[in-house]
Amino acid sequence: MRITLGCDHRGLALKQAIMPLLQNLGHSYHDFGCYSADSVDYPDIAQKVAEAVASGDFDHGILVCSTGIGMSIAANKIKGIRAALCHDTFTAQRARQHNDANVLCIGGQNIEVNSALEIVKTYLSTDFEGGRHIPRLNKVKALETKS
C-alpha cells in the first residue's frame, strides 16, 4: 500500500513512531512534514496529504496533530476525502468497514504510542465492506457538490 503521512509540531513524535511500523508492515510512504518541533499550521499539512490521496497517487493518508480534530476538519474539506478521527481500534475498524475512510487522523497528545500503532495496524488491515454502505457513501459524495 502507498501511504502518505503528515503532522504538525504537536504530532511529530507520534508520526516518527508510525513510520517504522509502516516499513515493517511492507508499506511504502511519503512524509509531507512537518520535520521539526517548530510551529506549523496544520491545514497546510492536511491539504498536502489529502490532495495526494484524492489524486490517487496514494492509497491512504495518516495525519497527526495534538488531538486529530484539526487535521480531520481540514482534510475533509478536500473533495473525495473521508478522513476519520480514530481513538481506538474499534473506531479505526469501523472507519474502514462502514465509511471507506481514506485518511486516518490521530491525536498525538491524547493517545499512547502503542495504542496509536495498534490503531494504524487495524486501519490499514481492514477492508471496506461495501454492500449496504455504498448508498450511504454515495449520499456523502453528493454532499461534496453542494455549496
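The values are calculated or read from the model by the stated rules, or taken from the named source; none is laboratory data. None of these values were measured; they are calculated from a predicted model. Positions of Cβ are backbone-derived with ideal geometry, glycine not excepted, and every protein chain shown enters the neighbour counts.
Annotations for the structure displayed:
- Residue in segment 33-55 that is over 26 Å from I134 (Cβ atoms) and among the basic types (K, R) present: yes
- Criterion (modelled with pLDDT of 95 or more and polar (S, T, N, Q)) met by exactly one of T145, T67: T67
- Restricting attention to segment 89-120, the residues that are basic (K, R) and out of contact with any helix residue (DSSP H, G or I) (no Cβ under 7 Å at 6 or more places or on another chain) total 1.
- Segment 122-139: number of residues that are surrounded by fewer than 16 Cβ atoms within 10 Å (Cβ to Cβ) and either closer than 17 Å to H27 by Cβ or under 18 Å from the mean Cα position of the chain (by Cα) (or both): 3
- From I106, I81, residue being under 16 Å from R2 (Cβ atoms) and crowded, with 16+ Cβ neighbours inside 10 Å: I81
- Listing of strands (runs of 3 or more DSSP E) fully contained in segment 23-104 that carry 2 or more residues being more than 17 Å from V140 (Cα to Cα), within 14 Å of the chain's Cα centre (by Cα) and touching a residue at least 12 places away in the same chain (Cβ under 8 Å): 28-31, 60-65
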